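Below: one structure, written as structure tokens.
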Amino acid sequence: MKQTIIYSLFLTFTANIALAQDPFSTQLDELIIEKSKISKQSKSQNTIVLNDSLIENTTGTFTDFLQKNTSIYFKENGYGMVSSPAFRGTTAQQTGVLWNGIKINSALLGQTDFNSTSFKEYDNIVVKPGGGSILYGSGAIGGTIHLNNTLTFNKATENEIQLNYGSFNTQGIHYKISTGTEQFAVNAHFGYNKSDNDYEWLGKDQKNINGQFYNTSLGFEVAYKINSKNTIELYSATYNDDRHFALITPYQTKTKYQNNYYRNLLKWHYKASDFLNTFYVAYIKEQYNYFDQLPTNSKSGGNATTWYLKNESFYNVTNKLKFSGFLEYQKTTGEGENSSLPFSTQEIFAVSILGNYDLSSKTGFEIGLKNEVAKDYQNPFLFSAGYYFNSEKYQLKINSSKNYRIPTFNDLYWQPGGNLNLKPETSVQFDINNNFNYKILNINISTYYTSIKNMIRWVPTNTGLWEANNVDEVYILGAELSLDVQKTWNNHTLGGRVNYAYTRSIDKKIEKQLIYTPLHKFTAQLNYKYKNFSVVPSFLYIGKIYTTSSNDKASAINAYGVFDIDFSHYFNFKDFPFTINFKIKNIANTAYTNMPQRMMPGRNYHIQIIKKF
Amino acid sequence: MKKLVVPILAAVTLYSCSNTDDNTVTTNPDEKYLNGYFITNEGNFGKGGASVSHLSADLNTVTNNIFKTANGKDLGDVAQSIVVNDDYAFVIVNNSNTIEVVNKKTFKSVYTITQGLNTPYYATVSNDKLYVTSLYNPTVSVYNAKTFAFIKTIDLNFPATNIVTANNYVYAANGFYSKGTSIEVIDPSSDTNTVDITFDNAINGITTNGQFVYALETNDTASKISKIEGTQVTTSVNIAQGNSRYLVADGEDLFYTVGTGIYKTANTATSSGTKLFDVTPAEDGFSVLYGFNVINGNIFVSDVKGFKDIGTVTIYKENGTVTKEFKTGIGPNGFYKF
């Protein structure tokens, strides 16, 4: 556990950029983490780790958390409402989300709603920009977001309670316990969030009506060490939410959405001297209800159940040459409830092979190939290739890959409009990533080019019905810059972190910027710490976004900047030490939206107590 | 409104409203919109970009966003349709659950109907009363068309889409999504629905020339046009093509569409139509013929650009030549002249 604490602190105080050296990988027996091996298979890709103390100190939605801490742009239908990412200028369905190593994007919609996803129970959240379909499957076009729990043997019992309360009657309770023996490692956690979310619409004579929401999450993880070679892990999570959809005009019919999921994952690790095998079995159930005419009980819904089997083998042929192979089988069944999705089944079988060769202690290259077989659509053959160079002061990663996003259940089977002639969306990407370290300064610069074709969109057809079709082609030219600096003297620590993303995401046919994709996104954070007190002012800037494909200026949404500030104090009382955070969000009371007519909150206040024992 | 087929997709997909061609040239400010054509622009579902455009009677001058210009406020979410009586135009704003009542000549707001509405769809005026269908409810809501007071709700067997008035009856056609295959006839003197005219398939178009009512029913392989006098079908004619849409009456003619083809037949409903021409396909390969109407020989067709962009309207002559093409708001879906 010490290692994790040191690692966390290291990341808190320096950077959120994980370097190529992964401190976990050498101690698999002590610490088990999903990405330990798999990340070694993508040395040529950039990885950003958002660690536990950052997660712990955050209140609000998962969207808030990622909007503030990464270069991913999120659009929200008002605070807490449907939220979808445009990661490196792509669509919501082109962002892969993985839970402890398995993909959890909705089988029905293909995307993850980041305001319908809990995040506080994870020990770290890893963001990997760029294509990763060989490792992470469908949807890993813009990038992947990994939600990870860590399990530790021989761990002293640790409890943590977080309570928060804030404006608009926003409340949250989070509890975590983790413990370990020689043979067992156990975590359990519970979370609850609610908000009336009835903020004033700044500059308009209206409140946010029907925006209230609550969600609960419950989960546990257990690892059992059978012997020195075999370890079994079990992960389980349930989540329920009930979210009203805020109105944009006062007499609109009120609606709400309930989202439930249930996930179970069993992993079996087998480790020999040159060989590591991990076998996964996962069972995932997702279900939603859409109430279209509140307060009546009129509703429609849908559900999908996925069985997922995967075998990962890692083999060190020599010190320099490493091979790994994945076999995957996935079966998803889904159907609508009082909706137009007939009972449908999707089966996917996939084989991947990856190779890593170290030319020297500093450089090497890697190659990956993947083939997938599925009914109802033709899967592309995928590849990836990369080169890496690591030295203390400079790291270079070059990567190219072909990636894809399969049609969703709704795209294929919804009646009418589902289209069995759809092709998967495919992308080709080229990415160069530079990392510089100078004592207190860390700079990362990524540049990339992505080309996407066969993008699936629902369009109205001449029959009068809407239908899914492969319509768009897009190319994206982008750059991401991050800069971290940290200086400590006496009892003072002063640091800063800046992220900037430049994204030209262009519709090929008309050579215009994609709608809802800002050209510029900028975040900045300062942190100053003196003994037990710290203050963290932060700033988020989103450039102008267009809402029409012709980039008509009159309907564009203006650029905005939002200031927040967090104060934190650790009260080191002998019998009862605890931390208090006080946050002011949108200090300048800026009126802004990132979707048309969907006003976001003005200045708001939150207080949080964190108690560990 | 057809986007409700995929409400969640719709909630996640994108867009808004605009007013690029805001030509505010007026001759008589009191009778700005006395003549000419109105165009309803849905806006993007959930994004509040509904608007109304006006086209002058000589087809030369387009004025977009006339509701906002006249009233300084947004129209709301999903402008579905417009009907008029002698003084007022009633703009049905589907997802806002409102009917904006405006002065027909100036488009100045007179009243906003909010009572008794559940996602209003189409409307008609008869006997100084306004009859409004609902997307979800199998009902027609009735209002006083002069005081705008809510009168009552008439129950139907299935939700109705379009609704028309002729010969002292109100005809509510079961919608394409309601599973119903009837025209439910309302007697406006008693406001009761006592007669249903049944068909084999869903009604995909209903229209009137003031004297008779015409219904277009269709399935995937064939269609039929029926002429209704009072509460009886008097003639019908089979059409070989399936998935035909948009029956409209103009003068002595009836027009309908199949795919991108525009067809015409006589309003005696005794022979299947002849094809006039194909409209120009949309840039995205889809999205064209989202809206269709024929008024005074002018064939109006809209391309909604997948709701990703400002829509365009093209006016054709019967021989397929283009008279006029112009930009409107997001999602132009209906054309009206009063």
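Worth pointing out:
- Taking θ as phi - 60° and the Karplus parameters 6.51, -1.76 and 1.60, the scalar couplings of region A:540-551 work out to 10, 10, 10, x, 4, 10, 8, 10, 10, 5, 7, 6 Hz in sequence order, x denoting glycine and proline.
- Computed extension length for A:T305-A:E337: 10.1 nm, one decimal, from 0.36 nm per residue of separation with the Cα-Cα distance subtracted.
- For chain B, the longest site-free run once GluC sites (Glu not before Pro) in DSSP loop states with at most 16 other Cβ atoms within 10 Å are removed: B:1-251
- Overall form of region A:133-173 per C-alpha gyration tensor (a/c, 1.5; a/b vs b/c): oblate
- Between B:V294 and B:F300, the built amide H atoms are under 5 Å apart, and every one of these is 5 or more places off in sequence or on another chain.
- The amide H of B:D284, built 1.01 Å from its N in the peptide plane, has no neighbour under 5 Å, considering only residues 5 or more places off or on other chains.
- Only helical runs count toward this figure. For chain B, summing -39,500 (n - 2.57) over DSSP H runs of n ≥ 4 and dividing by all residues gives -1000 deg cm²/dmol at 222 nm.
- Couplings 3J(HN,Hα) of region A:367-384, computed from phi: 9, x, 9, 9, 10, 9, 10, 8, 7, 6, 7, 8, 8, x, 7, 10, 9, 8 Hz, in residue order, whole Hz [Karplus 6.51 cos²θ - 1.76 cosθ + 1.60, θ = phi - 60°; x for Gly and Pro].
- Normalised by the number of residues in region A:493-613, the average gap of Cα pairs under 8 Å and 6 or more apart makes the relative contact order 18 percent.
- Relative contact order, percent, chain B [alpha-carbon distance under 8 Å, six or more residues apart]: 12 percent
- Region B:31-137: C-alpha gyration tensor shape, a/c 1.5 cut-off, then a/b vs b/c: oblate
- Proximity of backbone amide H atoms, modeled 1.01 Å from N, is registered between B:Q80 and B:I92, B:V93, B:N94 at under 5 Å, excluding neighbours fewer than 5 places apart on the same chain.
- Spatially proximal lysines relative to A:K207 (Cα-Cα < 23 Å; intrachain offsets below 8 disregarded): A:K75, A:K194, A:K254, A:K256, A:K583, A:K585, B:K47, B:K68, B:K73
- Annotation for A:Y262 and A:A188: the two label points, set 7 Å from Cα along the Cα-Cβ direction, are 1.9 nm apart.
- Rounded to whole numbers, the Karplus 3J(HN,Hα) couplings from phi for region A:293-300 are 9, 5, x, 6, 8, 4, 7, 9 Hz, using 6.51 cos²θ - 1.76 cosθ + 1.60 with θ = phi - 60°, and x at Gly and Pro.
- Candidates B:I225, B:I154, B:I82, ranked by Gaussian network fluctuation over chain B, Cα under 10 Å, top entry: B:I154
- A:V373-A:V428 pseudo-label distance in nm [points 7 Å out on the Cα-to-Cβ vector]: 2.7 nm
- Loop-located trypsin sites (Lys or Arg not before Pro) across region B:141-199 with a Cβ neighbour count of 15 or fewer within 10 Å are B:K146, B:K179, with loop assigned by DSSP.
- Sorting A:H520, A:H244 from the fewest to the most surrounding beta carbons within 10 angstrom yields A:H520, A:H244.
- Sparse-neighbourhood loop sites, GluC sites (Glu not before Pro) in region A:355-447 - DSSP loop, at most 13 other Cβ within 10 angstrom: A:E392
- Between A:I48, A:I232, A:F184, the Cα set farthest toward the positive side of the dipole of chain A (charges on each charged residue's Cβ, about the Cα centre) is that of A:I48.
- Put in line by how crowded their Cβ is, counting other Cβ atoms within 10 Å and starting with the fewest, A:M599, A:M81 read A:M599, A:M81.
- Per-residue ellipticity at 222 nm, computed for chain A from helices alone with -39500 (n - 2.57) per DSSP H run of at least four residues, works out to -1500 deg cm²/dmol.
- Tensor-based shape of the protein assembly as shown (alpha-carbon gyration tensor, a/c under 1.5 rounded, otherwise prolate or oblate): prolate
- Take the Cβ atoms of A:V535 and A:I173, set R0 to 25 Å, and the FRET efficiency comes out at 0.45.
- Restricting attention to region B:148-291, the count of lysine pairs at 8 or more positions apart or across chains with alpha carbons under 20 Å apart stands at 5.
- Ranked B:D220, B:D74, criterion: other C-beta atoms within 10 Å, fewest first: B:D220, B:D74
- Dipole check for chain A: with +1 at the C-beta of Lys and Arg, -1 at the C-beta of Asp and Glu, and the Cα centre as origin, the magnitude is about 1040 Debye.
- Averaging the sequence gap over all C-alpha pairs within less than 8 Å and six or more residues apart, then dividing by the number of residues, gives chain A a relative contact order of 11 percent.
- Each label was represented as a point 7 Å from its Cα along the Cα-to-Cβ direction; for B:N157 and A:Y528 these points are 7.7 nm apart.
- FRET efficiency, 1/(1 + (r/R0)^6) with R0 56 Å, evaluated for B:E229 and A:I580 via beta carbons: 0.10
- A:L465/B:T198 FRET efficiency (R0 22 Å; Cβ-Cβ; nearest 0.05): 0.40
Every read-out reported here was derived from the displayed coordinates using simple, explicitly stated rules and does not represent laboratory data. Source: prediction; values computed, not measured. A quick note on method: Cβ atoms are made from the backbone with ideal geometry, for glycine too, and the neighbour counts reach across all protein chains shown.
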